[in-house]
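Working notes, structure below.
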Amino acid sequence: MAEKILVTENVRLYYGEKEALHGINLDYRKYGITALIGPSGSGKSTYLRALNRMHDLTDYVTVTGTFLLNGEDIYAPNMDTVQLRKQIGMVFQQPMPFPFSIYDNVAFGLRTDGVKDKAILDEKVESSLKAAAIWDEVKDDLHKSALSLSGGQQQRISIARALATSPEILLLDEPTSALDPVSANLVENTLIQLREQYTMIIVTHSMSQASRISDRTAFFNQGKLIEVNDTKKMFLNPDQQMTQDYISGRFG
């Protein structure tokens, strides 16, 4: 049994008085891809953002429950959230490169960590761009603005930027939904290549994407976790009738 890197127990989240997540229990093994599926408003992205304390930025949100990263409580008062978000990186739905060069985008997290050595920065920028499967497309244009790239390239730059700080976990919130099919396919292939080195948790609306790229799938509905299972079993023979109904398109 692979070692567990992240354990979440009895996760509840409130927007003011309204409970949006109802006691979610989910844990993650080291490496591989877990897909979070479910209809809009089912709590997938809300749960995902709780995993690296993104809700700290919103004052009317309360999160309760247990979140352990390698046995350490990520909601402990002394947890450095800047460091946490380097360990648990995030890639959003819209590609979000910063308005400077490709090189400076990827080096951003390292520089904020105080890395100044050009040789180290060069090596890390190159290895991160290679890992994100975009090095060959941009290696001669590293000082060009990242905003001049296509949407699919920008999303892979966003992945490279997250990888540069050597995260253990990568959270991806519908990372291909704003992209054309060709670009989406390139991003998917990138994630498949990374699954041996990182633990990835991806929110997706696409059943076919979940079935193609994930090892495990968790189905959310109305703020509850309905079922989690190996992806093949989820799609061929789920335990819950509600899962079957959602996957076969009867609702959602």
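Details
- Only a single criterion out of (1) in contact (Cβ under 8 Å) with a residue 40 or more places away in the chain; (2) surrounded by 19 or more Cβ atoms within 10 Å (Cβ to Cβ); (3) within 21 Å of Ala35 (Cα to Cα) is not satisfied by Gln193, namely (2).
- Matching residues, the range 128-142, being within 22 Å of the chain's Cα centre (by Cα) and crowded, with 16+ Cβ neighbours inside 10 Å: Ser128, Leu129, Ala131, Ala132, Ala133, Ile134, Trp135
- Among the residues of the range 109-126, those that are surrounded by 16 or more Cβ atoms within 10 Å (Cβ to Cβ) and either closer than 20 Å to Thr190 by Cβ or in contact (Cβ under 8 Å) with a residue 40 or more places away in the chain (or both) comprise Gly109, Leu110, Lys124, Val125, Glu126.
- Subset of the range 81-110 that is among the charged types (D, E, K, R) and modelled with pLDDT under 95 - its residue that is nearest to Phe67 (Cα to Cα): Arg85
- Given (1) farther than 26 Å from Gly89 by Cβ; (2) among the charged types (D, E, K, R); (3) surrounded by 13 or more Cβ atoms within 10 Å (Cβ to Cβ), number of the condition Arg250 does not satisfy: (3)
- Selected residue (only one of Asp104, Asp140 is of a type outside the set (A, V, I, L, M), farther than 25 Å from Arg53 by Cβ and assigned to a loop (DSSP other than H, G, I, E, B)): Asp140
- Hits in the range 143-164 - residues which are surrounded by fewer than 21 Cβ atoms within 10 Å (Cβ to Cβ), modelled with pLDDT of 95 or more and assigned to a helix (DSSP H, G or I): Leu147, Ser148
- Residues within the range 209-232 that are part of a helix (DSSP H, G or I) and either out of contact with any Asp or Glu (no Cβ under 8 Å at 6 or more places or on another chain) or closer than 18 Å to Thr46 by Cβ (or both), tallied: 3
- Some residue of the range 126-137 being in a helix (DSSP H, G or I) and of a type in the set (Val, Ile, Thr): no
- Residue match in the range 59-80 (condition: surrounded by 19 or more Cβ atoms within 10 Å (Cβ to Cβ), free of Cβ contacts under 8 Å to residues at least 40 places away in the same chain and within 17 Å of the chain's Cα centre (by Cα)): yes
- Exactly one residue out of Pro99, Pro95, Pro167 is touching a residue at least 12 places away in the same chain (Cβ under 8 Å), assigned to a loop (DSSP other than H, G, I, E, B), crowded, with 23+ Cβ neighbours inside 10 Å and not aliphatic (A, V, I, L, M): that is Pro95.
- Members of the range 233-252 found to be in a loop (DSSP other than H, G, I, E, B) and over 13 Å from Ala218 (Cβ atoms), listed by number: Asn237, Ser248, Gly249, Arg250, Phe251, Gly252
- Boolean, Asp245 is in contact with a strand residue (DSSP E or B) (Cβ under 7 Å, 6 or more places away or on another chain) and either over 21 Å from Leu191 (Cβ atoms) or not aliphatic (A, V, I, L, M) (or both): no
- The listed residue being under 24 Å from Glu227 (Cα atoms) and touching an Asp or Glu at 6+ places or on another chain (Cβ under 8 Å), out of Thr46, Thr34: Thr34
The values are calculated or read from the model by the stated rules, or taken from the named source; none is laboratory data. As the structure is a computational prediction, the values presented were derived from the model and not from experiment. We place every Cβ from the backbone using ideal geometry, glycine too, and count neighbours over all the protein chains shown.
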